[in-house]
1. Let me confirm something: among A:R311, A:R302, which residue is basic (K, R), within 23 Å of A:G185 (Cβ to Cβ) and modelled with pLDDT under 80?
2. For the range C:91-128, what are the residues that are at pLDDT below 85 and closer than 23 Å to A:A50 by Cα?
3. Going through A:V124, A:V114 one at a time, which residue ends up being out of contact with any Ser or Thr (no Cβ under 8 Å at 6 or more places or on another chain) and not hydroxyl-bearing (S, T, Y)?
4. Any chance you could count how many residues in the range A:182-192 are surrounded by fewer than 21 Cβ atoms within 10 Å (Cβ to Cβ) and within 14 Å of chain C (Cβ to nearest Cβ)?
5. Please go through the range B:99-120 and pick out each residue that is more than 7 Å from chain C (Cβ to nearest Cβ), within 25 Å of the chain's Cα centre (by Cα) and not hydrophobic (A, V, I, L, M, F, W, C).
6. Report yes if A:V176 is surrounded by fewer than 20 Cβ atoms within 10 Å (Cβ to Cβ), modelled with pLDDT of 80 or more, assigned to a helix (DSSP H, G or I) and more than 9 Å from chain C (Cβ to nearest Cβ), otherwise no.
7. Which of the residues spanning the range C:228-241 are closer than 13 Å to C:E197 by Cα and either facing another protein chain (nearest Cβ under 10 Å) or without any contact (Cβ under 8 Å) to a residue 24 or more places away in the chain (or both)?
8. Quick one: how many residues across the range A:193-205 are of a type outside the set (A, V, I, L, M, F, W, C), at pLDDT below 80 and either surrounded by 15 or more Cβ atoms within 10 Å (Cβ to Cβ) or more than 10 Å from A:H220 (Cα to Cα) (or both)?
Amino acid sequence: MTPAHAPEALEPSRELFRLREGSAAELPWAAPGAAVSALRRLRAHRLGVAGLIIIILLTVMAGAGPQLVPYASDEQNMLATNEPPSGRHWFGTDDFGRDVFARTWIGARISLFVGLSAALLDLVIGVVYGGISGSAGGGVDLVMMRVVDLLYGIPHLLSTILFMVVLGPGLFTIIVAMVATGWLGMARLVRGQVLLLKELDYVQAAHALGVRPARLLARHLIPNAMGPILVNLTLTIPAAIFTEATLSFLGLGVPLPLASWGTMTAEGLVTLLTGQTWRLFFPAFFISLTMFAFNAFGDGLRDALDPRLRR
Amino acid sequence: MNGDRPLLEIDGLHLGLHTAQGVVHALRGVTLHVRPGEVLAVVGESGCGKSVTMQGVLGLFQPWQIAYRSGRALFQGRDLLTLTEQALRRIRGAQIGMVFQDPMTSLTPTLTIGQQIGEALLAHRRIAPGEVRRRVIALLEQVGVPHPQVRAAQYPFQLSGGLRQRALIAAALAGGPSLLIADEPTTALDVTIQAQILDLLRSLQRASGMAVILVTHDLGVVAEIAHRVAVMYAGQIVEEGTVEQVLRRPAHPYTWGLLDCLPRLDAAEGRLRSIRGQPPHLMTEIVGCAFAGRCPHAMEVCVEHAPPQFPAGDGHRSACWLLHPSAEPVARRTRLTTGTTRG
Amino acid sequence: MVAYLLRRLLASLVTLWVIVTLTFVLMHAVPGDPFLTEARLSPQAVRNLRAYYGLDRPLPVQYARYVVNLLRGDLGRSLRSEVRDINQIVREGLPVSALLGAEALLLAIAGGVTLGVLAALGRNRWPDHLSIGVAIVGISVPSFILATLLIDVFAVKLALLPVSLWGTWRHTVLPAVSLALTPLAYLARLTRSSMLEELSQDYVKAALARGLSRRRVIIRHTLRGALLPALTVLGPITAGVLAGSFIIENIFGIPGIGKIFVLSISDRDYPLILSGAVVYSVLLLLANLLVDLGYTVLDPRIRIGGGSR
């Protein structure tokens, strides 16, 4: 890799000693190669790209998966109960002869829906709360953040369980229960970002020009804080999916007849003793895969957006 | 200052480093030497490779950071680049000491000053614990730290910048080295503290007769304390000579530019000057002279062939085609720098 | 330093009070009644029971009684479980859960930190790859799924370890490992990156330049700094382990307080739920306080606080 540097033993000819015409820009090594670094960064995050691909595939399968088999997800067939995976039932069947493949992808819809909705609601509430707190500053900020600090001390899982007990089972109650304390992290993040951005010149200029605070927030501050916000969003989703799975596992999850991956895993737990482990394996595997994909993608996103690349 | 064999002789050092953006050809054939008891200043812009040279010679880069390395660095006759880590360790601190630029980040925050200096002492000799403490205090006194007993028990964050730098110097000298490499020792400090630290370095050098390599981008510092100067640009030494020669009779356009850039209180013009253009990025290979793009005296030969070192006086050399017999002599002050010129 | 700790203690107590109050409010916001589900009870019996438990008093009174009892260390009486005295339930279950939790935490900390440090030191060699692999698995696979996998492999197929229940040290292995893997993964990842950060600091180069051996520099100069971020997350990690223990105890049939707490939720056993929340929070707050204490030990800047110049 050592560049060839043969000693300049030769005597250059006289005519080369005239003044040069032309500018520095013509020299190929004078200008930096900007495109090189961006591409490099992208390629370096194979895990992040893999995560994204998996997310896309999962979403596609959640939509199209059930169509791929001729069975409905709740179609019972008492003649074909607990069959292992085969050509007819790719993921096998369960206690009631239902096709596990179809159920898995219907379950995907529920789990992904719950995870995404909770994360998005966390986003909206967190952004609004944090944005207002950060841009208002002063006493308002102090009070609002005290509230956040206080609520932050409550363990998320505990509060979610308590809310679930109060609200009763249901698809939307799960989402509400998770969001009830889930928005705190996002609020803190957004507030921190807003505080940073507030000091920037162009923001202060806009303010001096008389732009109203709400518009300032919406048009200038939030869009520029989007980077960390997006990263946080992609990392909240797997946490939400995990919480939903845990709740379902504890029996506090989506009510019958809906089935999420969490409830399927809970149902499948008994198969450890009965040996029909495919009922447990498939939903469990997809929970893990989804969490991995979102985590990997979120990590990749964060590294890509972080100006200080320290490796 | 004796004219005998050089204490440290770097010869044709090429070094490539891995970065997030790819391989940087940081050093493209560095050649310099320092003799016992002499102060050599190495000057150049940020990024020209001054620190890389020093750290590379002492083997302070992690193996995975180095893309390639060739050349020689002879210290008392032994090539540092071929030594094992064990052998290098015996030289670091005991024979060659190094003071770094930012004292806040160069001292470990979780250990006290006394612990860090004591460690440096014990790294090379066996000393009884009571004796260690005595020597630490003595060293701190030597570098001018008041109340050394108190300071030795304190953590770096409890000391001011100037005191931290003194402590750092004490730690570097703990092993009694014959060569001290000071990498921009005053850059991170206030101007008044700068003068104090320079005084300290000068008196330490005179008292112990050790050689000093002073890396800096500040020509004023050079004039104050150095015997000889080496000017560095884009990973190479472009001019080298005594302070008198290089500052009074500079022989390289880059040095002319650097000297022109010094603000002068007696000058008629109101604007500060800077050299036009930017230094090259060192990620692609450079053909010809690295300064050609910014040099108004550039000739065709400059972009085609890299200039060798030409003699410019007794012990004074410069890597510039202008010194070739075929080149036309040029008047020094021409439009090298932006800002009004005096023609 | 003392002032710092006192402030943290005060904040913890306030948070505890908030949790208790919140739980109380939520419990009594639930429509439904623990006794109405018992079909075999006559209305008169229900009234008597409600009076006995003080459920017929106005809410603020119930609240006040509860808080006063709490301050006296009395957690109350359970409505539904066999053993009525909640203090006794806690006394029996807490050591079990504490043992499991402690095992898991120790495993996670020792394993995670070691793996992280080794990974940072052996960049791009096998410790690094192992650490990444463990991180992926630990962060993606929820503990209860891991538990089922481990049970399937080690208990059912290989019959090396017992499937469930409690008793010998063997019974603790699978549950502790299942609980430990996720926090271990987070700790490994965090330690690795903070160790890498430390290694790239100027003072590492400066220390090496003084002739110190690489090993000494790593141990004495970088390790403490690298462990500090790991200490910060110990609070949330303990929370995670506590929360995870509910589920793990359920799966493995371990008689700890987690299992009881989970059952109490579906039974609408108010006092037990409240006590569960209180115990959980107290443990968590204790853990956070310990973390703060650890901080003062490790970081001289906090210990001396500003210092003299």
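1. Working: A:R311 fails: within 23 Å of A:G185 (Cβ to Cβ).
On inspection, the qualifying residue turns out to be A:R302.
2. Within the range C:91-128, C:R123, C:N124, C:R125, C:W126, C:P127, C:D128 meet the criteria.
3. Details: A:V114 fails: out of contact with any Ser or Thr (no Cβ under 8 Å at 6 or more places or on another chain).
Step by step, each of A:V124, A:V114 is checked, and only A:V124 is out of contact with any Ser or Thr (no Cβ under 8 Å at 6 or more places or on another chain) and not hydroxyl-bearing (S, T, Y).
4. Residues of the range A:182-192 surrounded by fewer than 21 Cβ atoms within 10 Å (Cβ to Cβ): A:185, A:188-189, A:192.
Going one step further and asking which of them are within 14 Å of chain C (Cβ to nearest Cβ), we end up with A:185, A:188.
So the count comes out to 2.
5. Residues satisfying the conditions are B:Q101, B:P103, B:Q116.
6. Details: surrounded by fewer than 20 Cβ atoms within 10 Å (Cβ to Cβ): yes; modelled with pLDDT of 80 or more: yes; assigned to a helix (DSSP H, G or I): yes; more than 9 Å from chain C (Cβ to nearest Cβ): yes.
So A:V176 passes the test.
7. Once the filter is applied, which keeps residues that are closer than 13 Å to C:E197 by Cα and either facing another protein chain (nearest Cβ under 10 Å) or without any contact (Cβ under 8 Å) to a residue 24 or more places away in the chain (or both), the range C:228-241 yields only C:L228.
8. Final tally of qualifying residues: 4.
The values are calculated or read from the model by the stated rules, or taken from the named source; none is laboratory data. Here the structure is a predicted model, which is why all the values come from computation and not from measurement. Backbone-built Cβ (ideal geometry, glycine too); neighbour counts: all protein chains shown.
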